[in-house]
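First the structure, in the form of structure tokens, and then the observations on it.
The values are calculated or read from the model by the stated rules, or taken from the named source; none is laboratory data. Just so it is clear, the structure is predicted and the values come from calculations on it, not from any experiment. Cβ placement follows ideal geometry from the backbone for every residue including glycine, while neighbour counts extend to all protein chains displayed. Quick note on the areas: whole protein, heavy atoms, side chains included, nothing else; ligands and nucleic acids left out. Shrake-Rupley method; radii C 1.70, N 1.55, O 1.52, S 1.80 Å.
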Amino acid sequence: MGGSNGEHPIDAQEAGKWGESAAPSGRDSLFRIIFEHAPVGMILTDQYGIIQEANESYCHFLGCEAQDLLGAVYTEWMFKEDRSGEESLRQRMLSGKRSGYLYEARFIHKDGRIVWGKLDVSLLKSQSKEPRRMVIVCEDIHERKRAEEILKVQEKEMAALYETSLAINAQLDLPRLLQAIIEHAARLLNARMGGLYLVLPDNETLELVAGYNLPGEYIGKRLRKGDGLAGRVVKTGEPIMVADHSHWEGRSTAFDSTPFRRELGAPIKYRGKVIGVISITDPERIGLFRPGEVRLVGLMADQAAVAIENARLYHAANQRANQLDLLNRVGLAITSGVEIGQVAKTILEQIQQLIEIDAFYLALYDEQTGQITFPTFYDRGKFSSLNPQNIHSNPGITGYVIDTRSPLVLDDLAVVGLPERYAGIHSNGGPSHSIICAPLLLGDRVLGVISIQNYHPGMFTLEDAHLMETIAAQAAVAVDNARLFAEVQHRAIVDELTRLYNFRGLMELGPREVERAHRFNRPLSALFYDIDNFRDFNNRYSHLVGNQILQEVGKISAQTLRTVDLVTRFGGEEFVTLLPETQVDAAVQAAERLRQAIQNMRISSSWGELSITISVGVAELTSDMTDLNDLIERANRAEHLAKEKGKNRVEMI
């Protein structure tokens, strides 16, 4: 990255004026080659930001010719709203408060597009320490920003889905619930129209029971299984979409009076059986729905299935109003959780208000590995842990429920018994007698099992079993939402190449460590290190080898440093690690262990075994540092010092 080692070649005349500290030995031919052929944009400006030189990569970044740039202030191409932040950092640098800075900003491409760039700005001073020139490296980060925007959209979609879940789970009046489902589903996709069908008891007919902006006479119309898009969804059990319904040969004549265009139908499944269809359509737009939209409607349909069955149970058994009211609260509570452990404890708390139990557990099943884990196990007032099981070698009673995909209700396990490989879970020296296990089913997938147990026989009723089945259906949605939420959050802050935290992860988690260290007056140190001569590896071998090197450095860093340390890929070949509860002397020792481990590392490649070294800067948080950036900046300066002293070493400031 430009200016990272603090040395900036200048011509002989300039060197004479600026003094030895700012000028390297020899002429600036090497710098000129790097400048002209760098894969990232580079410009040279005076201290006022007026462009004096721009390389080809920078011109390409903005879509301009060099003559269009020279003599202009480089911020002229910067998005107006981003200029003030950059100007503030530049003034701090010019006033001597910092040696350089990083800044992400939007630029206006010549063709009018907005492109993102990451600026690395360094200052060159004269012999009298006066600012003379700036070296600015501009990295094109448009694709990364685009990926972040996609993540933001997904987060908004998940938030909208979450709000929808709360809305429909709060409604137990069936007609109002059905109307709420179709309205929320249509709005979720910004669609103009929609309809909700329910399968009638004969399992061969479906009826349109709720509509969004549909003609009133459509409500109550019926289709046979296989007729029209909704009928085909019921028949196949799979989502179906058409680009233009009005010209689709499979359309039903029952709705010919309205010219539907694109249409999407998603099955509403409960315990693997199609009980209805959500149909989203548009009278004007032609084309297929996006995969993300299909996924959202599918998730919505899964939640709708649970909500519809809850409402049906409520209407079918009004005498159980108190139980169903509590069941609704369970649904609201567990869908409010974003962590699986929180979801499980909420389920337990609600069940304990209805049923007398001694033990409870939530098991999660990984279909790919066959692994069964137990994030929550409760036994006689205490939470404890259970070892994972494998469904193939040690399925236990949980594996039995997963294999059969059906609830298991036993009045007395000791009397009924199961094959030895399906032995029940027990602790405190004895097995349970009364057991209810319900699978967590979501569509065709088994996510896990919830189980309640009592150490006395005959303690559970058939009503208890039905209640557990319904709670399991709600819990399946909550568990899946928790997994999706964790996955989205994890992807946003983890670098895909090294599997370390990325810059965003550092900026989210790092300030917490700084705040904690200041509040409790505890030590906190930082390591800033990068791979020596990394660009030589890319140029001499290939970028694939470069990626392999980055992966190995990330792996060794994670193995060598502590689990409590925040190890991150800062950008490019640069890494930053925060060491809580660590003074600078201990941090230097940790840095030296890391440096030696990487120096001893050998990387196998098609060019033979390769070795690398790193230069490490160490700094400790002090009371005058106001934020994380100050700590990173000081460690970065120490890393520059390590570079200047010959690389492959550790230096501290």
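For the pair SER95 and ILE150 in one chain, pulling the backbone fully straight at 0.36 nm per residue adds 15.9 nm over the alpha carbon distance. Sparse packing (at most 12 other Cβ atoms within 10 Å of the Cβ) combined with a DSSP loop state is found for none of the chymotrypsin sites (Phe, Trp or Tyr not before Pro) in the stretch 458-556. Only residues of the stretch 268-287 count here: report those whose backbone N is under 15 Å from the spot 7 Å along Cα→Cβ of HIS247, or say none. Under 15 Å, as judged by backbone N against the label point of HIS247, lie 284-287 of the stretch 268-287.
Each Lys or Arg adds one and each Asp or Glu subtracts one; over the other residues with Cβ under 12 Å from the Cβ of GLN583, this totals -2. In the stretch 238-288, the inverse of the mean reciprocal separation of distinct Cα atoms equals 11.6 Å; this is its Kirkwood hydrodynamic radius. Under 20 Å from the Cα of LYS269, which lysines turn up, not counting those fewer than eight places away in the same chain? Here the lysines satisfying the reach criterion relative to LYS269 are LYS225, LYS235.
State the label only: which of (1) 95, 59, 58; (2) 124, 62, 41; (3) 95, 70, 50 corresponds to Cα extents along the principal axes in Å computed from the shown model? Here Cα extents along the principal axes in Å agrees with entry (3). If you add up the charges near ASP82, with Lys and Arg at +1 and Asp and Glu at -1, over every other residue whose beta carbon is less than 14 angstrom from its beta carbon, what do you get? With Lys, Arg at +1 and Asp, Glu at -1, the neighbours total +1. In the chain, the sites counted are GluC sites (Glu not before Pro) in DSSP loop states with at most 10 other Cβ atoms within 10 Å, and the longest stretch holding none of them, exclusive of the sites, is 1-248. Distance between the modelled labels on GLU36 and THR563, one decimal in nanometres: 5.5 nm (7 Å Cα→Cβ projection).
Per-residue SASA remark: ILE219, around 80 Å² accessible (1.4 Å probe; ligands, DNA and RNA not included). Note on HIS543 and HIS456: the extension gain reaches 24.8 nm, defined as 0.36 nm multiplied by sequence separation minus the Cα-Cα distance. Count Lys and Arg as plus one, Asp and Glu as minus one, and take only other residues whose Cβ is under 13 Å from that of GLY287; the net charge is then -1.
A quarter of the convex hull surface defined by the alpha-carbon atoms of the stretch 101-153 gives 4.7 nm² as the mean projection. Here the stretch 113-156 is scanned for amide nitrogen atoms under 19 Å from the site 7 Å beyond the Cα of HIS60 along Cα-to-Cβ, giving 113-120, 136-145.
Computed over protein heavy atoms with a 1.4 Å probe, the accessible surface of the chain works out to 47 Å² per residue. Take the Cα of LYS110, step 7 Å toward its Cβ, do the same at ASP411, and the gap between the two points is 8.6 nm.
Over the chain, dividing the summed -39,500 (n - 2.57) contributions of all DSSP H runs of at least 4 residues by the number of residues returns a 222 nm mean residue ellipticity of -13500 deg cm²/dmol. Contact order for the stretch 605-653, expressed relative to its length and based on alpha carbon pairs under 8 Å spaced 6+ residues apart, stands at 46 percent. Relative contact order of the chain: 7 percent, from C-alpha pairs under 8 Å at least 6 residues apart in sequence. Remark: the stretch 510-653 is approximated by an ellipsoid whose semi-axes, taken from the C-alpha gyration tensor as √(5λ), come to 28, 14, 13 Å, largest first. Pull up the cross-link candidates among the lysines for LYS125, meaning alpha carbon to alpha carbon under 19 Å and not fewer than 8 places away within one chain. Straight-line reach from LYS125, under 19 Å: LYS17, LYS97. Once the chain from LEU70 to ARG593 is taken as fully extended at 0.36 nm per residue, the excess over their C-alpha distance is 183.5 nm. Taking the DSSP beta bridges with both ends in the chain, the antiparallel portion is around 95 percent. A Förster radius of 51 Å, combined with the Cβ-Cβ distance separating SER393 from SER257, puts the computed FRET efficiency at roughly 0.25. In the chain, the portion of solvent-accessible area held by carbon and sulfur atoms comes to 48 percent [1.4 Å probe, whole percent, DNA, RNA and ligands not counted].
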